[in-house]
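Down below is the structure, laid out as structure tokens.
The values are calculated or read from the model by the stated rules, or taken from the named source; none is laboratory data. This structure is a prediction, so every number in the text was calculated from the model and none was measured. Note: ideal-geometry Cβ built from the backbone for every residue, glycine included; neighbour counts use all protein chains shown. Accessible surface areas use protein heavy atoms only, side chains included; no ligands, DNA or RNA. Shrake-Rupley method; radii C 1.70, N 1.55, O 1.52, S 1.80 Å.
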Amino acid sequence: MIGRNLSSRIIKLEARRQRSNEILLVWRRPDTDVKAAASAAKFAPGDRVICLEWFGDGALPAPKWHRERLSSELGVVENQYLTRSLERVGDDRPRDPGFAELPPVSTNRARELADNDLLHLAFGVAT
């Protein structure tokens, strides 16, 4: 009885995170609310969501799921804005509210992470 209940619970938990190998990219205007931008996108609890700043004029691109290395799937302008967002993190600015807490990661561990994992550390939204 316990085995079947445990198996059922595991299946339910795995179903909650429907896109385990993907990352959702949500764009926002510079210095706007991360939570508000992310709330406009559809995702399940536990999904990996990142929120980057869109420095251009006009409408923001729609949220989009990415499976491969994010920088290889983005266009030229999107990659420029990704780079600018990373540079702003490197400027020792205060972290915008709404991002997930940064877990402690050693330098050696950071070297082992894939690009999307590092981007999720820097720009991950609490889901």
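Numbers at a glance
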{"read-out": "Check on Leu52, surrounded by 12 or more Cβ atoms within 10 Å (Cβ to Cβ) and not hydroxyl-bearing (Ser, Thr, Tyr)", "value": "yes"}
{"read-out": "Whichever residue in region 91-118 is part of a loop (DSSP other than H, G, I, E, B) and basic (Lys, Arg) and, among such residues, is surrounded by the most Cβ atoms within 10 Å (Cβ to Cβ)", "value": "Arg95"}
{"read-out": "Residues of region 71-90 that turn out to be open to solvent by less than 90 Å² (accessible area, probe 1.4 Å) and either under 17 Å from Val34 (Cβ atoms) or part of a loop (DSSP other than H, G, I, E, B) (or both), as a count", "value": "8"}
{"read-out": "Any chance Leu121 is in contact (Cβ under 8 Å) with a residue 12 or more places away in the chain and outside any loop (DSSP other than H, G, I, E, B)", "value": "yes"}
{"read-out": "Close pairs (7 angstrom Cβ cut-off, 6 or more residues apart or separate chains): farther than 8 Å from Thr127 by Cβ in region 33-48, at pLDDT 90 or above and in a loop (DSSP other than H, G, I, E, B) anywhere", "value": "Ala41/Pro63"}
{"read-out": "Qualifying residue in region 53-70 (condition: aromatic (Phe, Trp, Tyr), at pLDDT 90 or above and assigned to a loop (DSSP other than H, G, I, E, B))", "value": "yes"}
